[in-house]
C-alpha cells in the first residue's frame, strides 16, 4: 500500500492535477470534520458509488479515514477493494484526518462546505435580509405574506414553500 503524508497531499492540491479525495468514513464522522475537497464515500457504499465518482481507473485517488484511532482500517480495506476493482493509482493519507490536523491544516465540518461558503458570501455582499424565529412567528401569526424557500433536502428543513434542488430554483426565478 502506498501512503502519502499531509504535506505531500497539500503540495499536490496546490497543482492542477486531477485528484479524488475519498473519505471512507461514514457520513456522521465525515460531517464532523473532513478535508475541504474530499467526498464522503463510506467503505460500506464504496462499490456502489465509486464508478460514478471516479470513472477513470487511472485517476489519482487519496483515501482518508480517521487515522490511528481507526481500528477497522477503513482506508486500507478501501485501498484493497479499489485495487481489486482495477484502480491503478490509490494512496492513503498517512494519519488520516488526525494527521492532517496534526500537520496544522484546516478541517471543515458539515456537508456542502463550498455551497455554504457561497451562500455566506452572497449574504454578506448583497446584504440578504434575515429574520429571527420570533419575527417569523409574528409574521405568520399576523398572516403577513411571506416567501421563505429552503434549498435543504432534509424533510425537517422544509419551511412553508417547500424544498427543491438549487438549480431548479434558479429556473423558477
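The values are calculated or read from the model by the stated rules, or taken from the named source; none is laboratory data. All values reported here derive from a predicted model rather than from experimental measurement. Here the Cβ positions follow ideal geometry from the backbone for every residue, glycine too, while neighbour counts run over all protein chains shown.
Residue check, residue 116 against (1) under 17 Å from the mean Cα position of the chain (by Cα); (2) crowded, with 17+ Cβ neighbours inside 10 Å, all met but one. Which one?
Failed condition: (2).
Quick test for you: out of 135, 156, pick the one residue that is more than 19 Å from the chain's Cα centre (by Cα), assigned to a helix (DSSP H, G or I) and either at pLDDT 80 or above or more than 30 Å from residue 29 (Cα to Cα) (or both). Steps first, answer last, please.
Numbers: 156 fails: either at pLDDT 80 or above or more than 30 Å from residue 29 (Cα to Cα) (or both).
Going through 135, 156 in turn, just one is more than 19 Å from the chain's Cα centre (by Cα), assigned to a helix (DSSP H, G or I) and either at pLDDT 80 or above or more than 30 Å from residue 29 (Cα to Cα) (or both): 135.
Would you check if residue 163 is under 30 Å from residue 38 (Cβ atoms), modelled with pLDDT under 55 and surrounded by 11 or more Cβ atoms within 10 Å (Cβ to Cβ)?
Working: under 30 Å from residue 38 (Cβ atoms): yes; modelled with pLDDT under 55: yes; surrounded by 11 or more Cβ atoms within 10 Å (Cβ to Cβ): yes.
Against the criterion (under 30 Å from residue 38 (Cβ atoms), modelled with pLDDT under 55 and surrounded by 11 or more Cβ atoms within 10 Å (Cβ to Cβ)), residue 163 qualifies.
Yes/no matrix, rows are residues, columns are (1) closer than 14 Å to residue 2 by Cβ; (2) at pLDDT below 95; (3) touching a helix residue (DSSP H, G or I) at 6+ places or on another chain (Cβ under 9 Å); (4) assigned to a helix (DSSP H, G or I):
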| residue | (1), (2), (3), (4) |
| --- | --- |
| 75 | yes, no, yes, yes |
| 81 | no, no, yes, yes |
| 92 | yes, no, yes, no |
| 97 | no, no, yes, yes |
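State which residue pairs qualify: first residue more than 12 Å from residue 62 (Cα to Cα) and inside segment 1-17, second residue not in a loop (DSSP other than H, G, I, E, B) in any location, beta carbons under 9 Å apart, and separation of 6 or more residues or different chains.
17/60
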